[in-house]
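The values are calculated or read from the model by the stated rules, or taken from the named source; none is laboratory data. From a predicted model like this one, the values you see are computed outputs, not experimental measurements. Cβ sites come from the backbone with ideal geometry, for glycine too, and all protein chains shown count toward neighbours. Accessible surface areas use protein heavy atoms only, side chains included; no ligands, DNA or RNA. Shrake-Rupley method; radii C 1.70, N 1.55, O 1.52, S 1.80 Å.
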Amino acid sequence: MNITVKFRLVILLLLAIASTPIGAQGPDLETLGRPGPYQVAWFTQLPPRDEFSAATLYFPANKGLDFGGVVIAPGFLEQQENISWWGNHLASHGFAVLTLDTNELRDDPALRAEALMAGVALLRGENTRQGSGLRGKILGDRMAVMGHSMGGGGTLLAANAHSAELKAAIPFTSWLPDADFSAVTVPTLVIAGEIDRIAPVADHAWPHYQSLNAAQPRMYLEIGGGNHFIANSETDNARLQPNVDVHDLLGGVAVAWLKLFLDGEEEHRALLFGGLPNDIQGRLSRFEASE
Ligand code: 9J3
């Protein structure tokens, strides 16, 4: 090795040291609430399933391997467009996300639960399907379910019956009267809106949360002044609009939840259970969490 080569190696070493974060900046909820590092691609040509009528698979196009999967169901009279922002957001943070349309716009929560679990099976199948763009990239043991309103009721029913097949559940402004989800054994993030008139928290999200077994991680996140549609996409349908803009807050907390409980990235634990930042707490009307 001549002196020039040695010199260059020393320079490279110094550059490597200089670019290594010292006191490494860990993840934070604000960053996780913005679009993530991956480019999002999507496709809709998927193997048909009896349990739902159509679906879109969003994925992180420039991530090589190891995608956890998330399946999301819309609410009563809603379609994929009402939940599509989650597909983009979660895929940009590294997840394969299947949004689905129910067979009928009025399908009940139990049918939405079946649709969600069929979606989980579909995502697992994409890992082995000849011709799938996601072949070999999906980790079938890292699956989560989400959903809005009756889709949130379906999310909780799916987790209550099939926790062994799942790693996390995230119902948002869930709707299901007189429900008991005490058989859920996966970490569950319950998103609610303070002034939800369609699924009032006193009859829906709050008792849903309270019925969960406190022996596993659970969180109740109620948005101050939030309506039934706070976690939905903005669309042209005025009836289905979020009344406050909390996608940044919800997106950040949900990504942290999935990175911790699907991907096992422990550095996200303190973000969720170490006390939320004051600016987030200021936007909540009720919050409860246990690890
Ligand atoms: O999915 C939902 O928005 C359920 C709320 C609802 O109107 O239920 C009454 C039948």
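Here is how the numbers come out for the structure above:
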quantity: P(r) histogram, all alpha-carbon pairs of the range 37-290 included - 10 Å bins from 0, percent; calculated: 8, 35, 40, 16, 1
quantity: Label-to-label distance, nm, for residues given as ASN278 and ASN213 (7 Å Cα→Cβ offset); calculated: 3.9
quantity: Peptides 34-42, 251-259, 161-169 ordered by average Cβ neighbours within 10 Å, highest first; calculated: 251-259, 161-169, 34-42
quantity: Using alpha-carbon coordinates, inclination of helix 109-126 to the longest axis of the chain, degrees; calculated: 30
quantity: Ranked by how many other beta carbons lie within 10 Å on average, peptides 99-106, 26-33, 187-194, 130-137 from highest; calculated: 187-194, 99-106, 26-33, 130-137
quantity: On Cα atoms only, tilt of 247-261 relative to the major axis of the chain in degrees; calculated: 70
quantity: Alpha carbon centroid spacing (whole Å) that separates the range 238-260 from the range 164-209; calculated: 15
quantity: Rounded to 5, the percent of DSSP beta bridges in the range 37-290 classed as antiparallel; calculated: 40
quantity: For LEU284, distant residues with modelled amide H under 5 Å away; calculated: GLY224
quantity: Sum of -39500 (n - 2.57) over DSSP H runs of 4+, divided by residues of the chain (222 nm, nearest 500); calculated: -9500 deg cm²/dmol
quantity: Within straight-line cross-link reach of LYS137, aspartates and glutamates at Cα separation under 17 Å, skipping those fewer than 8 residues along the same chain; calculated: ASP66, GLU126, ASP263
quantity: Accessible solvent surface per residue of the chain, calculated while the other protein chains remain in place, 1.4 angstrom probe, Å²; calculated: 44
quantity: Helix axis angle, 150-162 relative to the chain longest principal axis, alpha carbon, degrees; calculated: 70
